[in-house]
Amino acid sequence: MMAAILSISATYSTAFAQESEVEIRDRPIQPHTILGGAGAAVGEDDQGWRSFFRLGTVESQTGDNGHKEYEVKRGIFIVGKQDIRHKYSVVPTSWEFSVSPNEKSFDASGQVENEEGKTFDVEISGNEISDLQNGTLYYVTGTAVGEDGEVYDLFYISALKDRIPPTTNSETQ
């Protein structure tokens, strides 16, 4: 089962990426940190679906314990198979996101909601796989619990990276 989940999480789906990129691309880029991942959502009946998520955050403070706290500004979770996709937007005010002082792990939790108002409480935790040039690669596990008690286990391979927009020189425009 784990081998199947890892092979699913490493598969790139352009349809999932295109749908989420459109929503995020239309907003102005400011210095921020992006956490995004591809993987699987597995139901209690052992049915698995491809899943993709992306969170746009800004660092808000460093806590007393040295953890970096981030404010989630926007995000999306997409779950589905082939042409059936369910899009859940992040409810930014409900999210808490904290990264350990050495950036070896993180914890995040909050709500997501679809267009019909169906919500899920999401909790994810990541542990470092590799230190990248512009960020960190994590193995992420978690759960999504619906209003009616349905539970999904979440598995992702995720990258956390700082995104600094390119500067433009107004004299050359």
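The values are calculated or read from the model by the stated rules, or taken from the named source; none is laboratory data. Owing to the predicted nature of the structure, the values given are computational and were not obtained by experimental measurement. Note that we place each Cβ from the backbone using ideal geometry, even for glycine, and neighbour counts take in every protein chain shown.
Of the residues screened, residue 148 is not one that is under 22 Å from residue 38 (Cα atoms) and of a type in the set (Asp, Glu).
Can you tell me which residue is nearest to residue 114 (Cα to Cα) among those in the range 142-173 that are small (Gly, Ala, Ser) and either outside any strand (DSSP E or B) or at pLDDT below 85 (or both)? Across the range 142-173, the extreme among qualifying residues is 149. One residue stands out among those in the range 57-75 that are touching an Asp or Glu at 6+ places or on another chain (Cβ under 7 Å) and crowded, with 16+ Cβ neighbours inside 10 Å: the one that is nearest to residue 115 (Cα to Cα), which is 57. Would you confirm whether any residue within the range 155-171 is under 26 Å from residue 49 (Cβ atoms) and of a type in the set (S, T, N, Q)? The answer is yes, given that some residue of the range 155-171 is under 26 Å from residue 49 (Cβ atoms) and of a type in the set (S, T, N, Q). Would you check if residue 51 is buried (at least 19 other Cβ atoms within 10 Å of the Cβ) and at pLDDT below 50? Criteria not met by residue 51.
Within the range 76-94, being free of Cβ contacts under 8 Å to residues at least 24 places away in the same chain and either surrounded by 16 or more Cβ atoms within 10 Å (Cβ to Cβ) or touching a Gly at 6+ places or on another chain (Cβ under 6 Å) (or both) holds for 92, 94.
Filtered by the rule that a residue be under 16 Å from residue 46 (Cα atoms) and aromatic (Phe, Trp, Tyr), the range 128-156 gives 152, 155. In the range 37-141, counting only strands (runs of 3 or more DSSP E) that sit wholly within it, the ones holding 3 or more residues that are among the charged types (D, E, K, R) and more than 26 Å from residue 151 (Cβ to Cβ) span 68-81.
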